[in-house]
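Undergrad: Below you'll find the structure I mean.
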Amino acid sequence: METSCRICAGPVKGSVDLGVQPRGNAFPKADDLAGEFFYRLLVGMCDSCAMVQLMADIPQEVRYHDQYPYRASNSTVHSDHFAGVARRLLRTELTGFDPFIVEIGCNDGVMLASIADAGLRHLGVEPSQEVAALAKSKGVRVLSSFFDEETAGEIRAQHGPADVIFGANVIAHISHLDSVLKGAVTLLGPNGVFVFEEPYLGAVVEQTAFDLFYDEHSFVFSVSSIRAAARLFGLELVDAEPLAIHGGSMRYTLAKRGARTPAPAVAELLADERARRLDRHATLEDLSRRAERVREDLTALLRELRADGKRVAGYGAPAKITTVTNYCGIGTDLIPYVCDSTPSKQDRVVAGSHIPVVPPSVFAEDSPDYAVLFAWNHAKEIMAKESGFTGRWIVYVPEVRIL
Ligand SMILES: [Zn+2]
């Protein structure tokens, strides 16, 4: 199968096939499964710009329904991270007279609340009403909208140019990325920067983190693909910085072309990507083979444990669990329930595989023999919190192991 690149219209060839999948964050009610949306999760790379992208078109309205359960502030690691991001932007970029910052997808205000507390002009652009209300309750100004070229023009007309446009774990979600980049050019002042941090292709490949692919992740970025995308729209990649968050992310800084000298890190990371062949189809094809191996090993292990009469549960219900359980064909016969501390996910089921999501108290009381760690990017935080757990952890990234 071949499609056209969402950025440059070049040919995209499918390399990773994760089968028929529902929406990663749907978490339907057990008695409301009739309308589940399914699509074929194929991932490919553009021949021209090397952008890794989903090949299916999923309507934006289907993806961002009003009960979108992700709350950025639920994890203390994330809250601390974004407080740090705000401090750094205040110190480095928001230093001029009356600066203005726009955050695309401000979620519950986890980052902008610190900016609001500092008394700076800001605007969060957030299409999900429920999380926007949480942001507003923290004193954050929110425009309930999707960010695109048109919205950017309206914001500039009303508030003037932006010194910073920021986005975290949201830019790679936006299928109309071309319009976002055009919007950034429209909205940024002459020396403004567009800073965003997103899961990194290099980390996905290194960790065999195929579960990062789901409907909301329209793209997985690399330094080379972002550099190419920026160039197409009159922007330039002027800095890139690897981050540990979300199991391996990259923070990209774009400026208007010619406005800033690129930092040495850009050339260094590009050389590293070339050495790792991150811009080659063969790299994705290899990832696909390793994902198949994880599927075989994980289902074999879970069947063996069931045959031995062991009690197994899941721990953590990020969107990743939807990809893994549907790709591997894991249902309640192998994992009867998964616990998650997010109240809006509890009393619901994982889409497609229909594994019930329960509060952590159920896990503590049940004390299963084994727990599959789906929120593997929070492994340290979870294992510290569950130091009283007497069973054993099962991880499947980068390969299936019992800890
Ligand atoms: Zn392309």
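Undergrad: Out of the range 168-191, which residues are small (G, A, S), buried (at least 24 other Cβ atoms within 10 Å of the Cβ) and in contact (Cβ under 8 Å) with a residue 60 or more places away in the chain?
TA: A168, A184
Undergrad: Also: In the range 3-41, what residues are outside any loop (DSSP other than H, G, I, E, B), in contact (Cβ under 8 Å) with a residue 24 or more places away in the chain and either assigned by TED's automatic domain parsing to the domain that holds N326 or within 16 Å of the ligand (Cβ to nearest atom) (or both)? Break it down into steps so the answer makes sense when it comes.
TA: Going residue by residue through the range 3-41, those that are outside any loop (DSSP other than H, G, I, E, B) are 3-4, 11-22, 38-41.
Checking which are in contact (Cβ under 8 Å) with a residue 24 or more places away in the chain leaves us with 3, 11-22, 38-39, 41.
The answer is T3, P11, V12, K13, G14, S15.
Undergrad: Now, a different point. Quick check on my filter: what residues within the range 102-116 are among the charged types (D, E, K, R) and modelled with pLDDT of 95 or more? Give the derivation first.
TA: Initially, the range 102-116 is screened for residues among the charged types (D, E, K, R), giving 103, 108.
E103 - this is the single residue of the range 102-116 that is among the charged types (D, E, K, R) and modelled with pLDDT of 95 or more.
Undergrad: Then there's this: Does R88 fit the bill of being among the charged types (D, E, K, R) and under 23 Å from V238 (Cβ atoms)?
TA: Working: among the charged types (D, E, K, R): yes; under 23 Å from V238 (Cβ atoms): yes.
Taking the combined requirement at face value, the residue satisfies it.
Undergrad: So D57 ticks every box in (1) away from the ligand (no atom under 16 Å from the Cβ); (2) part of a loop (DSSP other than H, G, I, E, B); (3) acidic (D, E) but one. Which box is left unticked?
TA: (1)
Undergrad: With of a type in the set (S, T, N, Q) and closer than 22 Å to E93 by Cα as the only criterion, which of S218, S224, S249 stands out?
TA: On the way: S218 fails: closer than 22 Å to E93 by Cα; S224 fails: closer than 22 Å to E93 by Cα.
Result of the check over S218, S224, S249: S249.
Undergrad: Among the residues of the range 158-166, is any out of contact with any Phe, Trp or Tyr (no Cβ under 8 Å at 6 or more places or on another chain) and part of a helix (DSSP H, G or I)?
TA: Yes, there is a match, as at least one residue in the range 158-166 is out of contact with any Phe, Trp or Tyr (no Cβ under 8 Å at 6 or more places or on another chain) and part of a helix (DSSP H, G or I).
Undergrad: Among the strands (runs of 3 or more DSSP E) confined wholly to the range 187-268, which include 2 or more residues that are within 16 Å of the ligand (Cβ to nearest atom), touching a helix residue (DSSP H, G or I) at 6+ places or on another chain (Cβ under 7 Å) and not assigned by TED's automatic domain parsing to the domain that holds C49?
TA: 235-243
Undergrad: Another question, then. Please enumerate the residues belonging to the range 217-276 that are in contact (Cβ under 8 Å) with a residue 60 or more places away in the chain, β-branched (V, I, T) and closer than 13 Å to A203 by Cα.
TA: Of everything in the range 217-276, those that are in contact (Cβ under 8 Å) with a residue 60 or more places away in the chain, β-branched (V, I, T) and closer than 13 Å to A203 by Cα turn out to be V220, I245.
Undergrad: May I pose another question? Considering every residue within the range 143-163, establish whether at least one is hydroxyl-bearing (S, T, Y), touching a residue at least 40 places away in the same chain (Cβ under 8 Å) and open to solvent by less than 30 Å² (accessible area, probe 1.4 Å). Can you show your working first?
TA: The first filter runs over the range 143-163 and keeps only residues hydroxyl-bearing (S, T, Y), leaving 144-145, 151.
From what's left, touching a residue at least 40 places away in the same chain (Cβ under 8 Å): none.
Looking for residues that are hydroxyl-bearing (S, T, Y), touching a residue at least 40 places away in the same chain (Cβ under 8 Å) and open to solvent by less than 30 Å² (accessible area, probe 1.4 Å), one finds none in the range 143-163, hence no.
Undergrad: A further question on this structure: Examine the range 256-264 for a residue that is crowded, with 22+ Cβ neighbours inside 10 Å, modelled with pLDDT of 95 or more and either closer than 23 Å to H176 by Cβ or of a type outside the set (S, T, Y) (or both), and state whether such a residue exists.
TA: no
Undergrad: Taking the options R121, R71, R63, name whichever one is basic (K, R) and modelled with pLDDT of 95 or more. So that I can check it myself, show each step before the final result.
TA: Details: R71 fails: modelled with pLDDT of 95 or more; R63 fails: modelled with pLDDT of 95 or more.
Of R121, R71, R63, the one residue that is basic (K, R) and modelled with pLDDT of 95 or more is R121.
Undergrad: Find the residue count for the range 33-60, including only residues that are open to solvent by 70 Å² or more (accessible area, probe 1.4 Å), of a type in the set (D, E) and either at pLDDT 90 or above or in contact with a strand residue (DSSP E or B) (Cβ under 6 Å, 6 or more places away or on another chain) (or both).
TA: 1
Undergrad: Taking the condition of a type in the set (K, R), over 25 Å from F374 (Cβ atoms) and within 20 Å of the chain's Cα centre (by Cα), does R227 pass? Step through it out loud before you land on a result.
TA: Values: of a type in the set (K, R): yes; over 25 Å from F374 (Cβ atoms): yes; within 20 Å of the chain's Cα centre (by Cα): yes.
It is true that R227 is of a type in the set (K, R), over 25 Å from F374 (Cβ atoms) and within 20 Å of the chain's Cα centre (by Cα).
The values are calculated or read from the model by the stated rules, or taken from the named source; none is laboratory data. Owing to the predicted nature of the structure, the values given are computational and were not obtained by experimental measurement. Methodologically, a virtual Cβ is constructed for each residue, glycine included, from the backbone with ideal geometry; neighbour enumeration extends over all protein chains shown. Ligands, DNA and RNA are stripped out before the accessible areas are found, and what is left, the full protein with its side chains, is counted by its heavy atoms. Shrake-Rupley method; radii C 1.70, N 1.55, O 1.52, S 1.80 Å.
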